[in-house]
Every structure is written in structure tokens, then in C-alpha cells.
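Enquirer: Before we start, here is the structure in question, set down as C-alpha cells.
The values are calculated or read from the model by the stated rules, or taken from the named source; none is laboratory data. All figures in this text were calculated on a predicted structure; none of them were measured in a lab. All Cβ positions, even for glycine, are placed from backbone atoms using ideal geometry, and neighbour counts span all protein chains on display.
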Amino acid sequence: MEFDGRHVVVTGAANGIGRALARRFHGEGARLVASDREGGALAEVVDELNRARSSSAVGVVADIGTEAGNQELVAAADEAFGPIDLFFANAGVAIGSDLATSETDWQQAFDVNVHAHRWAAKHLLPGWLARGEGYFCSTASAAGLLSQIGSAPYSLTKHAAVSFAEWMSITYGDQGVRVSCLCPQGVNTNMLNGGPISSGGAGDVVRSAGVVLEPDDVAEVAVGVIRAETFLILPHPEVLTYLQRKTGDYDRWLAGMRKLQARIMGS
């Protein structure tokens, strides 16, 4: 897929990876609809893009943790720039730890990290299937391919996000709908440095796992993979090696993860 003249929607676009993606797609010539719950920060991103290229970006404040929010976003984007070519479901949350995590936090994790992808696809697919063309990309995590020590809600929901993207590709890939899934390890964002995943064992595991990339590095890799129209977006290429080791000897991998957990969490 090439991006010049295309209509791209990015959620979670006010900060971090989402902001970097919005800038990168826009720099490739896309018309950009940026969405987030943070209206002030979102407006700054959109103003920056429109200063670079007039009337080429629109901001939509939306709560994608609800079906109504996703439906409203898709409708607003259609109204702004016509049919959506690429929808990047990037927004996510990192909350909770173990089975003592509140039901409210569990529900929010599933709503934002999983159901938002499903709700967006529900309202995108009719138009894409009618056109015979569309691109769905989601941000999951290396935790969705491997696991996340220290956070059960994050691990479960990111696995589910990868699974949904796989299902989308299998089910609609022969009908013109292309799918990619972004699975980074540590990225220098608010989620890593100031959010819930930054404290305790989960953040320590992320930092110890390898290089912490900048959001712009992630966006650069994402553009290349989407241009090639392949599935996994791995800014940390070593994640593929870890995945191969996991599937090659599951019990050995689990034993290694238990040792890592003991080392990181001091148990």
C-alpha cells in the first residue's frame, strides 16, 4: 500500500506511537484523521500537520472504549475525507496486575485493547467489502505474542488483539481486506515511563527485555511493513526469535519465563 492521497485514521494519536504514526503517514502524503480522548494534545498534533500541509488533517475526539465512539469516529472520518483506506487501531491501556485487579480495570482493558478493534472493524467492513479494498492495522504488543510478566490484563488483552487481527486476515484477506499487527517491546512512551505498566515488575521486564525504541522508530518500521502488506510489524526483530523459541519448545520457554519472573520480581 502506498500512502500518498490515501485516507488514514489513527487512534491514540495525541501522544507516543500514535502521534508518530500520524506524522509519518501524513508525511507520506496521506489525508489524516487523528483521534484521541485528549482534546488539547490532539489539537496540537492536528495543527502541526495542517501547518505542514493545509486542510490535510482533522482531529476527532472520541472514546474508542465504546462501540458508539468507534461508530462516531468512522462516520466523522467518512464525512471529512470520504472512504477510509487505512484504519490504525492504535489506542491502548496498560492497567492491572494479577487476579486481584478490579473488575472495572479488567473491563476497561478489554474494551480499549480488544473490543475497540472489533467495534471499529464492524463499522468499517461493510464499506471495505463493497469496495473490495481496505486496510486494518492494530497495535498489540510483543506481550501478545509472548506474555507480560506482572500484568495479567495486559497479557490477556494483547494476546486477544493479535488473535483478532489474525482472524480478520484469515476471514477477509481474500476479499481485499489487508491486515497488519504491530507488536513492539519497549517504546519510550507515557505508557512505559509514566503509566501503570511503568511501576513494579511489568515495567522492569519491559526495560530488561531489550532496546527501548523511540516512537518515530516504530512508525518507520510500520510504514515499511504496511507498504509491503505483510502481517507482523516487529520494530524489535528479536521478538520473532523469541516466538520461534516459544513454539519450538513450549515447556522450556515457560520454565525460562518463570526464572525471569523470579529474577525481575525478586521472588
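Enquirer: Is there a residue being in contact with a strand residue (DSSP E or B) (Cβ under 9 Å, 6 or more places away or on another chain), modelled with pLDDT of 95 or more, crowded, with 18+ Cβ neighbours inside 10 Å and not charged (D, E, K, R) anywhere in region 155-162?
Expert: Yes: region 155-162 contains one or more residues that are in contact with a strand residue (DSSP E or B) (Cβ under 9 Å, 6 or more places away or on another chain), modelled with pLDDT of 95 or more, crowded, with 18+ Cβ neighbours inside 10 Å and not charged (D, E, K, R).
Enquirer: Now a separate question. Given the conditions (1) part of a helix (DSSP H, G or I); (2) buried (at least 24 other Cβ atoms within 10 Å of the Cβ); (3) out of contact with any Leu (no Cβ under 8 Å at 6 or more places or on another chain), report the number of the one that Leu129 does not fulfil.
Expert: For Leu129, the exception is condition (2).
Enquirer: Select from region 63-85 the residues that are touching a strand residue (DSSP E or B) at 6+ places or on another chain (Cβ under 6 Å) and in a helix (DSSP H, G or I) and list them in ascending order.
Expert: Those that are touching a strand residue (DSSP E or B) at 6+ places or on another chain (Cβ under 6 Å) and in a helix (DSSP H, G or I): Leu73, Ala76, Ala77, Ala80, Phe81.
Enquirer: Let me ask another. Residue check: is Ala222 under 15 Å from the mean Cα position of the chain (by Cα) and modelled with pLDDT of 95 or more?
Expert: yes
Enquirer: In region 132-162, how many are among the β-branched types (Val, Ile, Thr), part of a helix (DSSP H, G or I) and closer than 20 Å to Asp63 by Cα? Spell out how you get there, then give the answer.
Expert: As a first pass, look at region 132-162 and keep what is among the β-branched types (Val, Ile, Thr): 139, 149, 157, 162.
From the residues that got through so far, the ones that are part of a helix (DSSP H, G or I) too are 157, 162.
After this cut, where a residue has to be closer than 20 Å to Asp63 by Cα as well, the list is 157.
Qualifying residue count, region 132-162: 1.
Enquirer: Working only within region 104-124, note down all residues that are aliphatic (A, V, I, L, M) and in contact with a helix residue (DSSP H, G or I) (Cβ under 7 Å, 6 or more places away or on another chain).
Expert: Ala109, Val114, Ala116, Ala120, Ala121, Leu124
Enquirer: Let me ask something else about it. Which of the residues spanning region 221-267 are more than 18 Å from Val211 (Cβ to Cβ) and acidic (Asp, Glu)?
Expert: Within region 221-267, Glu229, Asp249, Asp251 meet the criteria.
Enquirer: Go through region 63-78 and count every residue that is in contact (Cβ under 8 Å) with a residue 12 or more places away in the chain, closer than 18 Å to Val114 by Cβ and surrounded by fewer than 20 Cβ atoms within 10 Å (Cβ to Cβ).
Expert: Of the residues in that region, 4 qualify.
Enquirer: Residues of region 108-134 being over 13 Å from the mean Cα position of the chain (by Cα) and polar (S, T, N, Q), which ones?
Expert: Listed by number, the list holds a single entry, Gln108.
Enquirer: For Phe81, indicate whether it is more than 20 Å from Ile17 (Cα to Cα), among the aromatic types (Phe, Trp, Tyr) and in contact (Cβ under 8 Å) with a residue 60 or more places away in the chain. Spell out the reasoning first.
Expert: Details: more than 20 Å from Ile17 (Cα to Cα): yes; among the aromatic types (Phe, Trp, Tyr): yes; in contact (Cβ under 8 Å) with a residue 60 or more places away in the chain: yes.
So Phe81 fits the description; yes.
Enquirer: When you look at Gly194, is it more than 15 Å from the chain's Cα centre (by Cα), modelled with pLDDT under 95 and within 21 Å of Arg19 (Cβ to Cβ), yes or no?
Expert: Answer is yes for this residue.
Enquirer: To continue, here is another question. So, Ala52, is that one closer than 19 Å to Gly18 by Cα and touching a helix residue (DSSP H, G or I) at 6+ places or on another chain (Cβ under 8 Å) or not?
Expert: On the way: closer than 19 Å to Gly18 by Cα: yes; touching a helix residue (DSSP H, G or I) at 6+ places or on another chain (Cβ under 8 Å): yes.
It is true that Ala52 is closer than 19 Å to Gly18 by Cα and touching a helix residue (DSSP H, G or I) at 6+ places or on another chain (Cβ under 8 Å).
Enquirer: Next up: Please go through region 215-267 and pick out each residue that is surrounded by 13 or more Cβ atoms within 10 Å (Cβ to Cβ) and among the polar types (S, T, N, Q).
Expert: Result: Gln261, single match.
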